[in-house]
Every structure is written in structure tokens, then in C-alpha cells.
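Below: one structure, written as C-alpha cells.
The values are calculated or read from the model by the stated rules, or taken from the named source; none is laboratory data. Small disclaimer: the values here were computed from a predicted structure and weren't measured. For neighbour counting, all protein chains shown are included, and Cβ atoms are generated from backbone atoms with ideal geometry for every residue, glycine included. The area values use the complete protein model at the heavy-atom level, side chains included, leaving out ligands, DNA and RNA. Shrake-Rupley method; radii C 1.70, N 1.55, O 1.52, S 1.80 Å.
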Amino acid sequence: MQTSLIHMGHRLKQILKQRKIKVIDFAKKAGFTNQIAHYHLRKSDMKRANLERFCTIIGITTEEFMRWNGAQLIAQDKNLHHGERLVAIIAEKGLNRSRLAERMDMSRRTMYNLFEKQTFSPSELERAAKAVDISLEAFLNPGTVDEARNSDTEEMMTQREKYYKLLEDHNELLHLYNNLKDEVIQLRRELQEVKKVAKTR
């Protein structure tokens, strides 16, 4: 399913996280391995059939999936000043602001304007949390233990994507190999039958 507005895998991961569904449990319900589940969470697009199946597993409609905006997370603490929270995390982690602006894909001026905002939009929240490398839950709930983000460095993410792509290719080739192997066995049997018939004539 093609879309230029939503990264389908990231959206799926966000919904699983907000609904407290572990990836390993999602994988079991979907009938595939944990590795394949992570592969789907990294894909930007998704086939319609897969989307409908995943939504059924999660217990939401496809329309809810497409409209999902993280409103549940935003509602957790209405008194939290998102801009001040971001500034506090930057100071706590000793992050370089110029580099952080690059990671957020915005100018320093735009980032400084963000510091003044009481409430971030869902996309700003995701961008800020990703840039400072913490979960949305940890960003919105100061003082709680940060659940390990699974968002490693960009380089590691690229390596993982390559790994899961290779794994999928390997599984497809293995399946093809087994099919060809079965065909070869069947052809040998048929050849032996033909030779037997030829001998009796």
C-alpha cells in the first residue's frame, strides 16, 4: 500500500507500543518470527492485505490506523510543557544543539521556536523524542524509567534493515530451492518409470 504521508512500519510500532502489545506477542499472533515482525516495523509501505490483517490482530480498523496521531500519549500529562521538557533533556544529556537541529531536520531557529511551545504536534513529539533518543513515554512522563527504545544509531538501523532484507531473501531462496528439489525428485521418479516401461517393450 503506497503512501507518501505515513511511514507504515513506524505507525504500526507506535500503535503496538501505545496499546502495550509486545512485538514478540504481535509476531506470535501474526504467525511469523520476531525477526520478520521487526522487518515489517521498518518498512515504509505495506500491502493492503497485511494492513488489514495487522489491524485485526491489534483490534483496530484500518481507518483508525490511518488516522492514528498519538493523542493518547499527549493526553497523559496536559500540564507538561513540551518545549521545556526538550530543553531539560538536551541539558541532561549534554547534546550539541546544532547537531540536534540536524537530527530533527530543521534549522536552529525553528528548533529554538519549538522550545517555546507548550504542546508539540504528534509529528513534532516523534521527531523530538527520536532526536534525543528516548521513547515517547519517557519524553511525556519525566522521572519514569525509559523503556529501551530499539532506535539505535542510523548506521545500525541501516545495517538491521539490510539484515532483515537479506533474511527475507534467504528464506525465499530456501523455499524456492526446496520446491526445485522436490521437482527434481519427482522428475527422477518419472524418468525411472519411463525407463521401466521402455525395458518391458
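Only residues that are open to solvent by less than 100 Å² (accessible area, probe 1.4 Å) and closer than 30 Å to LEU41 by Cβ: list them for the range 171-201, please. Matches in the range 171-201: ASN171, LEU174, LEU176, ASN178, ASN179.
If you scan the range 103-120, which residues turn out to be closer than 16 Å to HIS81 by Cβ, open to solvent by 40 Å² or more (accessible area, probe 1.4 Å) and under 26 Å from the mean Cα position of the chain (by Cα)? Can you show your working first?
Initially, the range 103-120 is screened for residues closer than 16 Å to HIS81 by Cβ, giving 111-120.
From what is left, the residues that are open to solvent by 40 Å² or more (accessible area, probe 1.4 Å) are 112-113, 116-119.
Residue satisfying the conditions is THR119 alone.
Taking the criterion of being in contact with a Gly (Cβ under 7 Å, 6 or more places away or on another chain) and either hydroxyl-bearing (Ser, Thr, Tyr) or open to solvent by 80 Å² or more (accessible area, probe 1.4 Å) (or both), the only residue of the range 43-58 that qualifies is SER44. Of all residue pairs spaced 6 or more apart or on separate chains, those with beta-carbon atoms under 8 Å, a first member in the range 106-118 that is assigned to a helix (DSSP H, G or I) and a second member that is open to solvent by 60 Å² or more (accessible area, probe 1.4 Å) are ARG108/ARG97; MET111/ARG97; PHE115/GLU84.
Taking GLU52 as the residue in question, decide whether it is among the acidic types (Asp, Glu), in contact with a helix residue (DSSP H, G or I) (Cβ under 8 Å, 6 or more places away or on another chain) and within 27 Å of GLU161 (Cα to Cα).
Yes.
Yes or no, residue by residue, for (1) among the aliphatic types (A, V, I, L, M); (2) under 24 Å from SER121 (Cβ atoms); (3) modelled with pLDDT of 90 or more:
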| position | (1), (2), (3) |
| --- | --- |
| SER4 | no, yes, no |
| ARG19 | no, yes, no |
| THR33 | no, no, yes |
| SER44 | no, yes, no |
| PHE54 | no, no, yes |
| ILE58 | yes, yes, no |
| PHE65 | no, yes, no |
| ALA75 | yes, yes, no |
| LEU80 | yes, yes, no |
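Candidates in the range 93-137 are the residues that are β-branched (Val, Ile, Thr) and within 28 Å of LEU16 (Cβ to Cβ); of these, the one that is modelled with the highest pLDDT is VAL132.
The set of residues in the range 121-140 that are crowded, with 17+ Cβ neighbours inside 10 Å and either outside any helix (DSSP H, G or I) or at positive phi (or both) comprises VAL132, ILE134, SER135. The lone criterion from (1) part of a helix (DSSP H, G or I); (2) more than 20 Å from THR61 (Cα to Cα) left unmet by ASP25 is number (2).
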